[in-house]
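Below you'll find the structure, written out as structure tokens, and then a few comments.
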Amino acid sequence: MQRLGSQEDRLLVVRSNHLHHLVSRFFFTLVAKGPEQNEVDWVRQQLSDREFELWAQMSSADRVHSISVAKRVRLDLPGDKTASTAGLLHDVGKVAVRSGVTTRVVASIAKPMVTAERLKRWSSSGSFLSNLASFLEYPRIGAELLQAAGSDEFVVRWAAEHHLQKDKWTVDERRGEVLVRADYLAM
């Protein structure tokens, strides 16, 4: 068996794993039905009224995904309701953007190549690129929505930071690691 020793080898494995994750999420999104009523009831108990209103606006696939993330977080951080709430609401910014399958696929492909300057230029174009720029900004948008809803500061910050590299986080590292792992493993 060949050992993956170089940084390039390890990067290739990471990219391959990420691609597999994105492809799996894509197909899941195409066939996902909404959560079961008992799951919706559970979410209702976890969130404030204003948070639940935001969560209920998420797509079926995003709601199912969020429940899966929150339940995985609960396994690693039992009793940490704030962390599981962050799992439920980390993608809530998507509710403010028209984000069909095409937008989501293009965003996943384009994200590594998008600079702040390009994002600003796209935002003012008034075209598909404008919508794409908005989708790429959904973590920031979600944080603003959660701030306005009165969410816990950790939940707000995690929504904003959940796609950042670990060295850019302002949140508790242990909680962030659990949330990233749960987000990656959840469909």
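The values are calculated or read from the model by the stated rules, or taken from the named source; none is laboratory data. Treat the numbers as computed from the prediction; the structure is a model and nothing was measured. The protein model used for the area step is the full one, side chains on, heavy atoms only, and it has no ligands, DNA or RNA in it. Shrake-Rupley method; radii C 1.70, N 1.55, O 1.52, S 1.80 Å.
Side notes on the structure shown:
- Among the listed pairs Lys33/Lys168; Lys120/Lys168; Lys33/Lys166, those beyond 23 Å (Cα-Cα): Lys33/Lys168; Lys33/Lys166
- For q = 0.17 Å⁻¹, Debye-computed log10 I/I(0) when each Cα of region 122-162 counts as one equal scatterer: -0.48
- Mean-position separation - Cα centroids, region 72-109 and region 115-187, in angstrom: 9 Å
- Excluding ligands, DNA and RNA, the accessible surface per residue across region 25-144 is 52 Å² with a 1.4 Å probe.
- Sorting Asp183, Asp167 on solvent-accessible area from highest to lowest, probe radius 1.4 Å, gives Asp167, Asp183.
- Three-way shape call for region 142-187 based on the alpha-carbon gyration tensor, with the a/c threshold at 1.5: prolate
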